[in-house]
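Read the structure below first, then the notes.
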Amino acid sequence: MSLPVENNEQNENLTNNHNNVVSTAHQQVNSECMISTPQAMSHVSGEVMLTPTHRTFTPQAHSANPHSSMTAITPMASAVSQAKSSIKLQNCISTVSLGCELKLLDIYCRTRYSEYTPSRFNGVVMKILEPRTTALVFRSGKIVCTGAKNEHDAYVAARKFARIIQKLGYPVKFLNFKVQNFIGTADLRFPLRLEALQQAHGQFTSYEPELFAGLVYRMIRPRVVLLIFVNGKLVITGGKTRNEIYEAVDIIHPILRSFKKN
């Protein structure tokens, strides 16, 4: 009876050893899985999206676009373009003929905002508020309109002056309207040596600081006259079109640049 007991004890010991080995192996496998899973997940980052049927994974790019942090740099405007952008048209002078003889004293007595002093000026000075302009009305029927800022305002003002005189009973016609002169201003934004400019360009300039603070520069093409001041301010007169004003500044700027004060 002793042999079976010993066999049973040996079988139990073998079974216990086998269970211990299996449990130890399971513990090692579980520990390895617990350790490797975070490491594996740390190398992959992305966005997980759940769908009704399956699970998808969208990886994210780690490298940013190098162009996204770059800002566009616009080139600075040149000095000539800055000077041309500072041009402002101050006056547009136009003329028109009414085609009839006028009685200036009668017009002065029957209109508002008008002046007539024959001893000082042999014409009626009329003014309107919109556009704010002034007209010189002569006995021959000629009108000189000043004060407009552009061609359109000059034309509208001339039509209004002609209409005012027509309402007084004169057989007025609107003939030969023409823009005669543009006057503009510009700023070079740097001081000038006017004495050196007058010595170098004496055939085109006249400069007498005791009488007038500005230098007079007569340009041949386009045929305009520039008043140049020591602080870099310009007054351009005599242009028949606004393009001639811009062209004059474009030509005179490099010349004046060479006479800039240090």
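Pick from the stretch 163-206 the residues that are among the aromatic types (Phe, Trp, Tyr) and closer than 15 Å to Ile252 by Cβ: which of them is farthest from the chain's Cα centre (by Cα)?
Our first condition is that a residue be among the aromatic types (Phe, Trp, Tyr); within the stretch 163-206, this holds for 170, 174, 177, 182, 190, 204.
Narrowing the set further to residues that are closer than 15 Å to Ile252 by Cβ leaves 190, 204.
Working: Phe190: 21, Phe204: 34 Å.
Applying the filter and picking the extreme gives Phe204.
Okay, residues lined up against (1) open to solvent by 60 Å² or more (accessible area, probe 1.4 Å); (2) over 26 Å from the mean Cα position of the chain (by Cα):
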site	(1), (2)
Phe212	yes, yes
Val225	no, yes
Ile228	no, no
Val235	no, no
Thr241	yes, no
Tyr246	yes, no
Val249	no, no
Ile255	no, no
Asn262	yes, yes
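Need a quick list: strands (runs of 3 or more DSSP E) entirely within the stretch 88-200 having at least 2 residues that are under 30 Å from Val216 (Cβ atoms) and in contact (Cβ under 8 Å) with a residue 40 or more places away in the chain.
Numbers: elements: 88-97, 124-129, 132-137, 142-148, 175-187.
Result: 88-97, 142-148, 175-187.
Taking the stretch 125-143, which residues are β-branched (Val, Ile, Thr) and buried (at least 17 other Cβ atoms within 10 Å of the Cβ)? Break it down into steps so the answer makes sense when it comes.
From the stretch 125-143, those β-branched (Val, Ile, Thr) are 125, 128, 133-134, 137, 143; that's our starting set.
Matches in the stretch 125-143: Ile128, Thr133, Thr134, Val137, Ile143.
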- Kindly check whether there is at least one residue in the stretch 103-124 that is in the same structural domain as Lys173 (by the TED database), in contact with an Asp or Glu (Cβ under 6 Å, 6 or more places away or on another chain), surrounded by 13 or more Cβ atoms within 10 Å (Cβ to Cβ) and not aromatic (Phe, Trp, Tyr). no
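The values are calculated or read from the model by the stated rules, or taken from the named source; none is laboratory data. From a predicted model like this one, the values you see are computed outputs, not experimental measurements. Heads up, the Cβs are rebuilt from the backbone with ideal geometry, glycines too, and the neighbour counts pull from every protein chain shown. Keep in mind that these areas ignore ligands, DNA and RNA; they rest on the heavy atoms of the full protein, side chains included. Shrake-Rupley method; radii C 1.70, N 1.55, O 1.52, S 1.80 Å.
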